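To keep things clear, I will list the structure first and then write my remarks on it.
The values are calculated or read from the model by the stated rules, or taken from the named source; none is laboratory data. In this text the structure is predicted, and so the values were computed from the model without any measurement. As a convention, Cβ positions derive from the backbone with ideal geometry for all residues, glycine included, and neighbour counts pool all protein chains shown. Calculation scope for accessible area: heavy atoms of the full protein, side chains included, ligands and nucleic acids excluded. Shrake-Rupley method; radii C 1.70, N 1.55, O 1.52, S 1.80 Å.
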Amino acid sequence: MSADSTAQSTPPPVVQVRDMDFSYGASKALFDINLKVEYHRVTALIGPSGCGKSTLLRCINRMNDRVPSARVTKGEVLVKGKNIHDADVDLTQLRKQVGMVFQKSNPFPKSIYENVAYGLRIHGEKNKSVLDEAVERSLSHAALWEELKDRLHANALALSGGQQQRLCIARAIATVPDVLLMDEPCSALDPISTLKIEELMHQLAKEFTVVIVTHNMQQAVRVSDYTAFLHLGKLVEFAPTEELFTNPREKLTESYLRGTFS
Amino acid sequence: MNSLPTPSRPPLRSVLLRSRKHTILGVDPQKLIKYFFGSNASVAIIVLVLIMVFLLREGIDFLPTYQRELQTYRRAGLEFCDIIDQPLQRNQALSSSLRQAVSASLETLSKPARDRRDAAFLLKRQVEDKTARPRESLTQALEKTPPAPEQIEVFRRELAEASAAAAKALEYPAVFSAAEREQLQREFSALTPEVTDLPPLVQKLVADFSAKDREARTKFAALVTAQEEFEEATEPLQEVVDELKAKALETKEKAVEFEVLETNRKRLLEAAATETDPKEKASLTKEAEESVSEAVDLEESIKEITGRTAELREQVEKYAVVIEKAAADLPKDAGTGAARTLVNDVREGIPVHAREMRAAAGKLEGWRWDKPVSIFSVIGAFFFGTQWITNSSWQDFFGFVPLLTGSLVIAAIAILIATPVSVVAAIYTNQFASEREKEMIKPVIEFIQAIPSVVLGFIGISLVGNLIKDVSEWSWLQWVPGFPIQERLNMFNAGCLLAFMAVPTMFSLSEDALNNVPRAYIDASDALGATKLQTVFRVIVPAGISGILSAILLGLGRVVGETMVVLLVAGNRIAIPDFSAGPGVIFHPAHTLTGIIAQELGEVSRGSSHWQALFMVGIVLFAISLLVNWCARAVARRFEPHKA
């Protein structure tokens, strides 16, 4: 309930999921999801494997469209107040507003510069100085500029795993999205790289709204302002992180947090 | 838990010993199976090595053999003659251009008269053909002694009837007026074997033509004279060259014969030396002694040739002066536009030709008959030789360049056509096609590989050749260089068919390359809002480019090595294609490395220089294939970032 009360004093939620059902063909994956993501906050989605947290994340930028037969069967998803399934929504523009970072770092086999500039280029930006400026800004946000400014034209695949993942973040924020979706961004990284990305997330929240899927509950505690707990396709509990971890309202949440699922 | 009985354990010692039961000839069957598989894999390597050894063994002797042949070519004086004779070949082309120009010019006046004359001759011939039998009977009857007047009379009547009928049945062309037709019919009806003179009207037609021709010759007197001067100028020089050539050839034949007998003698003597039976030995020695011929005194006979250098130079100089004068005398105008172009070409060509001849004459002095032919110049003569001439009564040349050019041009055409087709098809199939389309496209394209290449060659001859020729005659396509084409069988035709053959290889490998592009790249691009086309062209194709390049190279390997199609379709003209025709050169015929081996190897005698030359071509072909394949692998490895 406290989430609702804060919503009244702050601007409307950037992402709002209302009564949404989602299914892959005949099998239903998400049931009646309601979720509000606030501006400049980090929202974490946690839950056991296969609970649908990644699916929910991918509903926000319609990445699920690429799976044939995957469909939102009920309810709606609003980004900045607009239903993203409306016929007049341009998928390209939606994805420009809602960036995404994947579990495994996936820079293109191009130079560092080209990786970051890619998003702008496909949206038609040709001006060299605009691109230069965007690359520097994005790399600085991703805390890579100092490390990489002298070898912007080196192949991105030559970077370390942690650097590659931060480069992917830089690539995603180059188009200045409102929302940044992160799908277990640290699961393939060593603890030091993970730490760097977690630090980064606090910085990013100043500029962007972040939604992160994580299976690591400590990480959720460390980085997020709000946490949603999903189980078997249902949103069990959604609350400010501190509240959810210290004083869960639902029994299911409590047993999951304690690690004693029956 | 503990209710199950524990199985009894074997004693400790026997557990650790190797079981001796299952061995074959004392070898563990596991190992045997391993050896079996290993040996199968090594068979391929062994065969490859054997091929290389065999090719080299047959081919490597080519260089010394060719060196000997070129040595004889020089020592017997053939090379000396060729110094003048080679540039003199150009005379033929100039002369034929002039003749064409003259006849085209004359025709402007004399063509109607000539057509009438020729038509009349043709009609007369037709009547004679139709009445051949009665005429023959009459001739025989006339020759019989004693003559039988009655019989002659019968035959004469028969012939007259047949002639009349034939003359009536003729179709008289429109060049004759009605009165002339009637007269011709009358004259043809009256043809008899005794009268050998032409009928009066035909005579008149002949006379008409002669008059017109004379008139034309007067009108174009300057051109006619220049042409005659040019032709006459050649004769004295050609005479001298022919004499020298005959002498040189005679010397060469003697030298070759001597060499053959000499080798034979040596072989017999060697056999005799190892023979133990004294009787056999005696007969072999005797045979060897008989196989002796007189050694040719090359120096003496070459003197007879080089002794005439001064005379030859003088003739060349005379020739050059006369043709230059003829060129200066050539009139500015000719009967037709085409003739004018020809005349202009000749006017420009003659001074060049004269310069070449003078330069050639200058080289005569420096020529040495006893200068040895180095192995490097032999290698040069093979790899950079521009002539592939075999079974020549003069001299065989094995120059590699015409074949290589043919192969390369055809391969280039094929790759230029096949690359876009197969790569675009691969992109479509991999990225845009639905599952059902994929299931259809892939097997169909891969099926092309199963078509026997001889069938494709057949299609090239019967279908593609005619199609290209017909299309090349469409008037609105005349801007295309080389159109209308002369030959149905040409490099473009072969290139098209080879492209078709290369498509399956290139398509399948390109498709694999695109398939190997990691899914994660596509995810990243999609998540950034890229459209499908942007993802394909900015991410997938660049990431798969190494595989695509290597597919193209492997396609190239396939094209260079293909034989049947090029043999059937490329036109098989052994000459460097005429690149002065610009891009239209692709419509010229050519021969190829593979085609020449397939065509000639069956017909040459084993071990001859020609045989060895073909093996040498085979070695080079093998090397090219290896190189192309190696490049394909290197390219595939070079840009494979996502596998790093």
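Evaluating B:S462 against the criteria (1) assigned to a helix (DSSP H, G or I); (2) open to solvent by less than 30 Å² (accessible area, probe 1.4 Å) leaves one unmet condition, (2).
Among the residues of the stretch A:68-94, those identified as of a type outside the set (S, T, N, Q), open to solvent by 60 Å² or more (accessible area, probe 1.4 Å), away from chain B (no Cβ under 14 Å) and without any contact (Cβ under 8 Å) to a residue 60 or more places away in the chain are A:R71, A:K74, A:K82, A:H85, A:A87, A:D88. In this structure, does A:N64 turn out to be crowded, with 17+ Cβ neighbours inside 10 Å, in contact with a Lys or Arg (Cβ under 6 Å, 6 or more places away or on another chain) and modelled with pLDDT under 90? The answer is yes for A:N64.
Only a single criterion out of (1) at pLDDT 90 or above; (2) open to solvent by less than 40 Å² (accessible area, probe 1.4 Å); (3) in contact with a Phe, Trp or Tyr (Cβ under 8 Å, 6 or more places away or on another chain) is not satisfied by B:S625, namely (3). Among the conditions (1) in contact (Cβ under 8 Å) with a residue 60 or more places away in the chain; (2) in a strand (DSSP E or B), A:M20 misses just one, which is (1).
Pairs linking a residue in the stretch B:611-624 that is outside any helix (DSSP H, G or I) to a residue that is of a type in the set (A, V, I, L, M, F, W, C) and buried (at least 21 other Cβ atoms within 10 Å of the Cβ), with Cβ atoms under 6 Å and 6 or more positions apart or on different chains, do not occur. Looking only at the stretch B:131-157, filter to residues that are small (G, A, S) and surrounded by fewer than 16 Cβ atoms within 10 Å (Cβ to Cβ); which one of those is nearest to B:A120 (Cα to Cα)? Among them, the one singled out is B:A132. Among the residues of the stretch B:418-441, those identified as open to solvent by less than 60 Å² (accessible area, probe 1.4 Å) and part of a helix (DSSP H, G or I) are B:A418, B:T419, B:S422, B:V423, B:A425, B:A426, B:I427, B:T429, B:N430, B:Q431, B:K438, B:I441. Per the listing B:A271, B:A295, B:A248, B:A310, the residue uniquely among the small types (G, A, S) and in contact with a Cys (Cβ under 8 Å, 6 or more places away or on another chain) is B:A248. Taking the stretch B:496-599 as the region of interest, the helices (runs of 4 or more DSSP H) fully inside it that hold 2 or more residues being of a type in the set (S, T, N, Q) and within 13 Å of another protein chain (Cβ to nearest Cβ) are B:532-535. Considering the stretch A:104-188, the qualifying helices (runs of 4 or more DSSP H), each wholly inside and each with 3 or more residues that are within 13 Å of another protein chain (Cβ to nearest Cβ) and over 17 Å from the mean Cα position of the chain (by Cα), run over A:112-122. Just one of the numbered conditions (1) open to solvent by 50 Å² or more (accessible area, probe 1.4 Å); (2) away from chain B (no Cβ under 12 Å); (3) within 19 Å of A:D19 (Cα to Cα) is not true of A:R58: (2).
Pairs are defined by a Cβ separation below 7 Å, a sequence spacing of at least 6 or placement on different chains, a first member in the stretch A:179-191 that is at positive phi, and a second member that is open to solvent by 30 Å² or more (accessible area, probe 1.4 Å); the pairs so defined are A:E184/A:Q103; A:E184/A:H215. In the stretch B:470-477 there is at least one residue that is open to solvent by 70 Å² or more (accessible area, probe 1.4 Å), of a type in the set (S, T, Y) and farther than 30 Å from A:R66 by Cα.
Going by the conditions given, is B:A160 aliphatic (A, V, I, L, M), farther than 18 Å from B:T196 by Cβ and open to solvent by 40 Å² or more (accessible area, probe 1.4 Å)? So B:A160 does not fit the description; no.
For (1) under 30 Å from B:A101 (Cα atoms); (2) in contact with a helix residue (DSSP H, G or I) (Cβ under 8 Å, 6 or more places away or on another chain); (3) open to solvent by 60 Å² or more (accessible area, probe 1.4 Å), each residue gets a yes or a no:
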| site | (1), (2), (3) |
| --- | --- |
| B:T274 | no, no, yes |
| B:P278 | no, no, yes |
| B:E300 | no, no, yes |
| B:K303 | no, no, yes |
| B:R313 | no, yes, yes |
| B:A326 | yes, yes, no |
| B:V346 | yes, yes, no |
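Residue count for the stretch B:107-129 under the criterion of being open to solvent by less than 40 Å² (accessible area, probe 1.4 Å) and within 18 Å of B:G335 (Cα to Cα): the result is 2. Look at B:A361 and say whether it is under 34 Å from the mean Cα position of the chain (by Cα) and without any contact (Cβ under 8 Å) to a residue 60 or more places away in the chain. Answer is no for this residue. The residue pairs whose first member lies in the stretch B:267-286 and is in contact (Cβ under 8 Å) with a residue 12 or more places away in the chain, whose second member is open to solvent by 70 Å² or more (accessible area, probe 1.4 Å) and part of a helix (DSSP H, G or I), and whose beta carbons are closer than 6 Å, counting only pairs six or more residues apart or on different chains, are B:L268/B:E287; B:A272/B:K281.
When the stretch B:349-382 is filtered for residues that are among the β-branched types (V, I, T), under 29 Å from B:T65 (Cβ atoms), open to solvent by less than 40 Å² (accessible area, probe 1.4 Å) and out of contact with any Pro (no Cβ under 9 Å at 6 or more places or on another chain), only B:V373 remains. Taken over the stretch B:24-82, the residue count meeting the criterion of being of a type in the set (D, E), within 41 Å of the chain's Cα centre (by Cα) and open to solvent by 30 Å² or more (accessible area, probe 1.4 Å) is 3.
Residues considered: B:E182, B:E262. Of these, the only one that is without any contact (Cβ under 8 Å) to a residue 40 or more places away in the chain, open to solvent by less than 60 Å² (accessible area, probe 1.4 Å) and not in a loop (DSSP other than H, G, I, E, B) is B:E262.
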